[in-house]
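Bear in mind that the values in this text are calculations on the coordinates, not laboratory data. These figures come from a predicted structure and were not determined experimentally. Reconstructed Cβ throughout: ideal geometry from the backbone, glycine too, with neighbour counts over all protein chains shown.
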Amino acid sequence: MTNANLLLTPVTIGGKTIQNRFAVGAMECNDSDDEGNPSDATYARYEKYFAGGSGFISLEAITCQRESVSSLHQLSVTPTNAKPLEKFVRHLKSINKDTIFVFQLTHSGEVGHPVLSKPVRVTEEPLYGYEHARLIGESEVAVIMDQIVEGAKIAHAAGADGIDLKLCTGYLGAQILRPFNKGNWKYGGSWEKRRQFAFDLTERIMKEVNDPTFIIGSKVTVYEGIPGGQGSAGPDTALMDLTESIDLVRGLEERGVSYIIEAAGAPRHTEDLSKTDRTKPYIGYLHFYFQNVLRGALKPETKVIGNCYSLYRDGGLKTFPAVKPENNTLAFWGNKNIQDGVVDLVSLGRQSLADPSVPKKMAENKDAEIKWCIGCDNCTVFLISQEGGGCAAYDPSLAEKLKEIKRRQ
């Protein structure tokens with residue numbers, strides 16, 4: 001493997017060249033104000049991301065409506081939020097104008113918070129555990145699609161570089177794409193009908209935004225790990241069959257997307273697959289396989305952004321069998337997978353909360369100063385508890401908040 005740090009080399013996405021191969025993944029932290037606008041806490045978090053030097057940043061699972069949210073203070077992109085979002089983008093771009101900043105547009109669907117919102121489902125037979133979600137029909141799905149397209153137009157007007165259409169992690173886009181969505185309706189049953197939801201949305205966004213410089217991409221679950229989930233062989237089997245996943249990303253590419261973010265699993269269903277525990281490196285290796293499948297399916301100009309790299313940090317956890325620690329680090333696997341043509345960029349989720357300055361510190365040869373994610377997963381505790389969160393391992397105020405949450409449990 002080359003001695004050069006390929007993670008710090010430039011890459012072009014959608015005609016725009018960025019300074020490195022680091023992406024900040026979409027990490028919900030439930031810290032908007034009561035209207036879904038960026039709060040002081042949101043500003044503080046994203047200021048650190050932009051100052052940290054990552055080439056690509058995705059604004060976390062930002063909802064295009066306020067009825068079926070995943071958390072009480074989920075960020076929103078509706079007409080009411082347009083001006084606050086414009087101010088937000090302008091401020092962050094003043095910190096680092098060269099970073100690509102996209103909005104991850106979403107609808108929670110059946111995984112909307114069961115108390116704080118109104119979860120909905122598109123399948124006559126509910127997924128087990130989501131019987132409470134209200135069944136909606138084609139007309140209501142059409143309204144949701146209108147809201148997503150409107151969200152893309154608001155993102156464009158606010159100065160965002162593009163959008164990330166969320167087709168992953170168990171949210172509505174994933175629910176429609178699953179083989180489990182077997183009913184006979186406009187976007188249900190055959191694969192040709194299910195995939196059309198994503199294709200119609202992409203085509204509409206392209207047409208209605210009407211700006212060739214606006215970068216459109218999607219985060220896609222390659223394999224969900226549940227019977228009838230994305231990447232399974234049918235509605236009642238968990239056997240992996242990536243035919244539909246490959247066809248989906250190729251169809252998105254044909255419609256002009258510039259990047260695909262690889263995902264696997266769903267936090268509410270297959271948590272270890274979606275955000276791998278530090279003791280299970282082999283699941284992280286499975287993500288590398290999915291990235292390689294995507295990279296092999298797409299043209300070179302369509303970039304693949306890979307997940308599950310936070311897990312490997314500096315090799316210091318020493319929980320990996322049969323591998324030297326120095327050959328099981330973020331830097332090792334990021335560089336190797338870029339060099340081997342497995343992936344184009346690496347996305348940091350939990351690690352970006354622990355230390356948003358990984359790219360900057362690596363560029364300045366200050367790797368020893370990086371605050372590595374310890375894999376405690378307490379950032380998820382904040383989200384589940386409907387508290388604004390982040391990394392309690394390195395933020396004393398959040399450590400105290402975490403103690404209070406656990407005292408109440």
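In deg cm²/dmol, rounded to 500, what helix-only [θ] at 222 nm does the chain give when every DSSP H run of at least 4 residues adds -39500 (n - 2.57) and the total is split over its residues? Intermediate results must be reported in sequence, preceding the final value.
On the way: 13 runs with 146 residues, N = 409.
-11000 deg cm²/dmol, from helical runs alone.
Any idea what diffusion coefficient the stretch 272-334 gets from Stokes-Einstein, in µm²/s, Kirkwood Rh on alpha carbon pairs, 10 °C, 1.306 mPa s?
It comes out at roughly 128 µm²/s.
In whole Å, what is the distance between the alpha-carbon centres of the stretch 37-67 and the stretch 318-342?
Taking the Cα centre of each part, the stretch 37-67 and the stretch 318-342 sit 29 Å apart.
What are the residues whose amide H is under 5 Å from the amide H of Gly25, where those residues sit 5 or more places off or on another chain and H is modelled from the backbone?
Distant-sequence amide H within range of Gly25: Leu348, Gly349.
Could you tell me the distance between the Cα centroids of the stretch 268-303 and the stretch 94-158, to the nearest Å?
Between the Cα centre of the stretch 268-303 and that of the stretch 94-158, the gap is 23 Å.
Size of the chain along its principal axes in angstrom, Cα-based, largest extent first?
Result for the chain: principal-axis Cα extents of 56, 46, 42 Å.
Just to check I understand the Karplus step: with θ = phi - 60° and J = 6.51 cos²θ - 1.76 cosθ + 1.60, what whole-Hz values come out for the stretch 204-220, glycine and proline as x?
Each residue of the stretch 204-220 in turn: 5, 5, 4, 6, 7, 6, 6, 9, x, 8, 7, 8, 10, x, 8, 9, 10 Hz.
Taking the Cβ-Cβ separation of Asp277 and Thr9 as r and a Förster radius of 30 Å, what is the calculated FRET efficiency to the nearest 0.05?
FRET efficiency, Asp277 to Thr9: 0.45.
Provide the per-residue ³J(HN,Hα) series for the stretch 58-71, in order, calculated from phi with Karplus coefficients 6.51, -1.76, 1.60 and θ = phi - 60°, each as a whole number of Hz, with x at glycine and proline positions.
So the J values, rounded to whole Hz, are 9, 6, 3, 4, 8, 7, 9, 7, 10, 8, 10, 7, 8, 8.
Can you find, among Gln291, Asn307, His269, the residue sitting farthest towards the positive end of the charge dipole of the stretch 266-409, where Lys and Arg contribute +1 and Asp and Glu -1 at Cβ?
Positive-end residue among those listed: His269.
Given +1 on the Cβ of Lys and Arg, -1 on the Cβ of Asp and Glu, and no further charges, what dipole in debye does the stretch 6-371 carry about its Cα centre, rounded to the nearest 20?
The calculated dipole for the stretch 6-371 is roughly 720 debye.
Which residues make up the longest stretch of the chain that has no GluC sites (Glu not before Pro) in a DSSP loop with at most 16 other Cβ atoms within 10 Å? It would help to have the intermediate numbers written out before the result.
Working: sites that count: Glu35, Glu67, Glu124, Glu131, Glu301, Glu364.
Of all site-free stretches, the longest is 132-300.
Once you have the Cα-Cα distance between Glu67 and Lys83, take 0.36 nm times their residue separation minus that, and quote the gain in nm to one decimal.
So the chain would gain 3.7 nm between Glu67 and Lys83.
7 Å from Cα along Cα→Cβ at both Lys97 and Val323: what's the point-to-point distance in nm?
Result: 4.1 nm between the two label points.
Which of Met362, Met240 has the fewest other C-beta atoms within 10 Å, and how do the rest follow up to the most?
Placing the least packed residue first, the sequence is Met240, Met362.
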